[in-house]
Every structure is written in C-alpha cells, then in structure tokens.
Amino acid sequence: MESMETTKGSKHTGRDDRATSEGVLDPRTRLMLFKLLSNGTLSKIDGCLSTGKEANVYYAEGKGKEEEPLAIKIYKTSILVFKDRERYVSGEHRYRKGYAKSNPRKMVTMWAEKEFRNYNRIYNAKIPTPKPILLKNHVLLLEFLGRDMWASPRLKDANLSEKRQRQAYIEMVLILRHMYQRANLVHGDFSEFNTLWHNNMVYVIDVSQSVESDHPSALDFLRKDIANTNDFFKKTLDVMSTRQLFEFVTSTIIGDTEQEESDALDKIMHDCEEEYERSKKATVEERLKLKQEADSAEAVFMSQFLPRSLNQVNEAELQRMADGEREDDYVKAVAMLTGNKEVVDKLGGGGVALQVGQVKAVKFQQANAKGEDGRKKHKDDEDYDDENGDGDDGGSLGSEYESDDEPRFVKVPMTPEQLEARKLAKRAERKKNKEEVKAAQSEKRTTKMKKKDKRKQISKSKGKKR
C-alpha cells in the first residue's frame, strides 16, 4: 500500500509539469538542454539573444579547446503565435504526406527539421548564412554570428552609410538569385528583419518558411521578397523595378560565374540610372505621369498569374500565346518551364509568341512519365510494369499517346454562351433522370407486398400461428 501510494502521486502530471517560462522552456525542453550539457556538446548556456513569433534564440558555448560560440534556437510548442504554416508546407513534395496539425509538438518538430534542411542546402550552396550544427527535436544549434557575446545587428538596425547600403542591396539581390538558382529555394519572408549585418556582409537567417522553387506559390513568395527588398532600400537608393529584379533572379540566360552576374547586374543598374536621369530632366507633370505608369505596371505585375507548372497551361492558353495575346511575363514563365532559352532571350526586346509545339511536346513527355493513375512514375513502378508485361509492349500510357488511330480528347475553348447552354443541358438531363427514378420507384410501390401480408407469409412458412 505504501508503494502504491508513492507511485500514484508520481504518475500524476499537473500544470507545474507543463508550465513554460520565456515562452519556450518547459520541463521537456530543459531536459534536452541538460542532456546537451552533460554529453559534452555544450559547456554553458547563457541569456536570450532574440525572441520571435516562432522561436527564441539563446547564446551558448561548445565544449572544446576554443569553446566556439553557438546560438540555440528553441521553437515554441505551447504558445503558437505563428499559425500560418499551412501555406508554406502544402504543395511541396518534401512534405506531400502532410504533418500533424492536431499535435503542436510534432508540427513544430517538423518545422524545425524543415529549417535545418533549408539551412544545410543554403550553406552548401555557399550563400552567407549561419552554419547548421545539430538538431534535437525542436532545438536547433547554429553558428553564432556576433562578437563578444553580442549578436550582429539586423540590417534594419545596422545604420549603414550610403556606400554600405549599396553594397548591402547588391548582396541581397545576389542572395535572392543564388537561393533560387543554386539552392532551388525561395525564402518566403526575405526582408531587412531576417538578414544580419555581420563582418561587413549580409547573412540570411530564419529560413524555416522557405519553399522549393517548384512550389505552387513559389513565384508569389519571390515577388513579395523582391518587393520587401526594394521597399527598404528605395528610401535612400535608386533601386531596380520589381520586374527587373524578378527577371534577374529567375533568368536562366545569365551564367553562374561572378563576372557574368556582375555584368548583367551592372547593365540593369545602368539602365535604372539612365531612367532616373531622364525623369530628372522631365517636367513635374511628365514626372507625375511616369510615376503613375510605373506604379500601375508594378501593381499589375505583382497581381499577375504566372504558371509554375505546365499542368496550369491549357489548350486555350497555348492558342492565345501563339496569337500573341498573352503578356510577356506569362509567355516567359512558360518558356522557362519548357527550357526555351531563345524565347526568353527575345522577350527582352518585345513580345514573342511561344512555340506551341514545344509546350505540347513537353506535356507529352510528362504524360509518358506518369502512370495510368496520373502519378509520377518511379523506377520501381517501371520495373513492376515490365515484370507484369505492361511495359513497352502496348499497355502503357505512352503507347496510347503514340497511337494515331485511336481518338483522343481535345479540349476546345468555348464562349460564355456555349458554357451556359452546356450547363442548362446538364441540369435538364439530371432533372429528367430524377423524374425517371421517381416514376420507377412509384411503379414499384404499386406492386409491392404489404408488410402485414409479408408477415403472414413468413409465419405460414415457419409453421407458426398467431
């Protein structure tokens, strides 16, 4: 009885066992930190460096000869202020199986793993960022950016001179391009708040919400990142337009070497300076008109739909592009998806209609690379088809596309009147089917045996009397 009494009290967990201090330090998190101290990973953990909506960052020192300074990022698991995580996860193939929305601790652990993987990818692409060291559930260990236990300031708080601001702007533009081209990532929240000024260089941080470049909303996030960058620097500098910076970041024509990127960037900045000089010579009315046109063009570009995959381009859009009725940005996005560098290069001098045949050819290749259920084929699926005799002998989806004798469905663009007529025809057909079903049921009820007669027949068959 004494043993039961002692164990019964120890099994109970109250509010004190789940209490959280500083938003992140609950008993389970403290135990993780104690294990890092006891196993020799850390020698000490000091005060808080910064707080945010998703995590707190603390200063620590690693065990070793030099006691390397480190930063510990501890994610919040109990008080979740950052609840808009769904838009950064859904649609990305790395998390196609979803995540535990009902379990905050599992969701935050997955979020920490996402940031750790993004940091690794950015660091390996030689982009200025803290080096990721260790991940333990929702505790992330990073390289410390600072000096004498003081963290480097954010770009917003750095108070840079005009010369340093120009340098910082060029470095942020290059970070956006290198993340997109080398690491295949879009930051998603790139601004002066998520960049540090360390050793006279710009370092990118807080990459937990970064998505891959093939994410359905990647281009929308990229345009927002570009707008944030320009909005911060245009108060003191002459910056590129959102469209010019977007084209520089996503361009596949520019080479990967530093010299080629520098030449392309110098050319764009030279065009911006010439445009600025022309606006200075213009009258007040002309200047106001040019500003209104520029603001209108930027608003249209920010709200314009840009396809991220060829599945978003239908036959009607192909015909519009062939007739030259689509915007250059849309045509360029499709040309980049198909790898048509000639069209992308020509779009700098005016509108060019995209070759429809090339888009159809790429779509055809994508269709052949998919199974009958629409999913992407993997090597294991191909081996399975070959073993079951469904490979290249005529049972695959590709053979159906290659056969010219069999009829194929062709999507034809329709006018609004035709769409309305088709909708009314479908509605009338459904109403007719409903009336026929009602008539059949009514006729069935006329010949149906009554329940009392049915019970009598059952009783007679069993030999029972009532």
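In this structure, is Y203 surrounded by fewer than 21 Cβ atoms within 10 Å (Cβ to Cβ), assigned to a strand (DSSP E or B) and among the hydroxyl-bearing types (S, T, Y)? Yes, satisfied. If we scan segment 107-115, do we find a residue that is within 22 Å of Q244 (Cβ to Cβ) and over 18 Å from the mean Cα position of the chain (by Cα)? Scanning segment 107-115 turns up no residue that is within 22 Å of Q244 (Cβ to Cβ) and over 18 Å from the mean Cα position of the chain (by Cα). Going by the structure shown, is L219 over 23 Å from A294 (Cα atoms) and among the aliphatic types (A, V, I, L, M)? Criteria not met by L219.
Can you pull out every residue in segment 52-63 that is exposed (fewer than 15 other Cβ atoms within 10 Å of the Cβ) and in contact with a strand residue (DSSP E or B) (Cβ under 8 Å, 6 or more places away or on another chain)? Across segment 52-63, the qualifying residue is only K63.
Only one entry of R117, R94, R105 meets the criterion of being modelled with pLDDT under 70, in a helix (DSSP H, G or I) and assigned by TED's automatic domain parsing to the domain that holds E68, and that entry is R94.
Quick check on E277: is it surrounded by 12 or more Cβ atoms within 10 Å (Cβ to Cβ) and either in the same structural domain as V173 (by TED's automatic domain parsing) or modelled with pLDDT of 80 or more (or both)? Criteria not met by E277. Per this entry, L145 is counted among residues that are at pLDDT 85 or above and out of contact with any Asp or Glu (no Cβ under 9 Å at 6 or more places or on another chain). The single condition from (1) over 11 Å from V207 (Cβ atoms); (2) buried (at least 21 other Cβ atoms within 10 Å of the Cβ) that E115 fails is (1).
Being among the small types (G, A, S) and not in a helix (DSSP H, G or I) is the filter; apply it to segment 231-274 and report the residue that is modelled with the lowest pLDDT. Within segment 231-274, the match that is modelled with the lowest pLDDT is G255. Taken together, N124, N137 contain a single residue that is at pLDDT 90 or above, outside the structural domain of A168 (by TED's automatic domain parsing), polar (S, T, N, Q) and more than 19 Å from K63 (Cβ to Cβ), which is N124. Just one of the listed residues (E171, E162) is among the acidic types (D, E), farther than 24 Å from M107 by Cβ and in contact with a strand residue (DSSP E or B) (Cβ under 8 Å, 6 or more places away or on another chain), namely E171. Here R375 meets each of (1) over 38 Å from the mean Cα position of the chain (by Cα); (2) at pLDDT below 50; (3) of a type in the set (K, R) with one exception, condition (1).
The values are calculated or read from the model by the stated rules, or taken from the named source; none is laboratory data. Keep in mind the model is a prediction, meaning the values are calculated, not measured. Using ideal geometry, Cβ is built from the backbone for each residue, glycine included, and neighbour counts are taken over all protein chains shown.
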